[in-house]
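**Student:** Before anything else, here's the structure in question.
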Amino acid sequence: MAMSPHFFNKREPETAPARPGSSTSNVNSYSASGTTGTQQPSTVNSASPATTAPATPITPQSGSKLTVGPNIKLKGVEITDCDTLVVEGLVEATMDSRVIEISERGAFKGSAEIDMAEIHGQFDGNLTVRQKLTIYATGKVSGKIRYGKVVIEEGGQLTGDIQFGAMPTPKSASQAQAA
């Protein structure tokens, strides 16, 4: 049985130049960044947030994530234990989560209790945002809305029964009583 030279991390120099952004160039730049164990993670970690933070400002770094892609319809469900829900299609559901992101072509109908929301598309129903609700220029939110903080970009729409002061989560309410 013949073994590939790549099997045990033995790499031979490539004859063709590496394409920018290819995994080969990333491996070479990573291995050249340092040899001590304490310097490598700080170099890699310091570069990583700078490139990923602007793309998704409210998305948690770890946790469960559910993405409903374009042209997908998810109806009649209850979504729980999901840290981030990304809606690019249509979702008709009830959910309790940390973050919801609705893309320009995405739509959510139903009830949601969440920590933070980014709305580029449409939301229709009962929405409770415990921390921050952000509605972008293409976003349309309607229904019974409760929020902690709200940011509405020029062109964004917010209609319905709207109240400041989202109700605290049962977990944080019990912690407040204990203090």
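Only the coordinates and a few stated rules stand behind these numbers; no lab work does. As the structure is a prediction and not an experimental result, all values here were calculated from the model. We place every Cβ from the backbone using ideal geometry, glycine too, and count neighbours over all the protein chains shown.
**Student:** Tell me the residue from Tyr136, Tyr147 that is over 19 Å from Glu78 (Cβ atoms), out of contact with any His (no Cβ under 6 Å at 6 or more places or on another chain) and crowded, with 16+ Cβ neighbours inside 10 Å, please. Lay out the reasoning, then the answer.
**Tutor:** Working: Tyr136 fails: out of contact with any His (no Cβ under 6 Å at 6 or more places or on another chain).
Selected residue: Tyr147, the only one of Tyr136, Tyr147 that is over 19 Å from Glu78 (Cβ atoms), out of contact with any His (no Cβ under 6 Å at 6 or more places or on another chain) and crowded, with 16+ Cβ neighbours inside 10 Å.
**Student:** Restricting the search to the stretch 118-150, which residues are within 23 Å of Gly89 (Cβ to Cβ), free of Cβ contacts under 8 Å to residues at least 60 places away in the same chain and charged (D, E, K, R)?
**Tutor:** Matches in the stretch 118-150: Asp124, Lys140.
**Student:** Starting from residues that are in contact (Cβ under 8 Å) with a residue 24 or more places away in the chain and of a type in the set (A, V, I, L, M, F, W, C), keep the ones in the stretch 90-113 and report whichever is surrounded by the most Cβ atoms within 10 Å (Cβ to Cβ).
**Tutor:** The extreme case among them is Ile102.
**Student:** Another question, then. Where residues in the stretch 100-145 are out of contact with any Leu (no Cβ under 7 Å at 6 or more places or on another chain), small (Gly, Ala, Ser) and part of a strand (DSSP E or B), which of them is farthest from Leu85 (Cα to Cα)?
**Tutor:** Ser142
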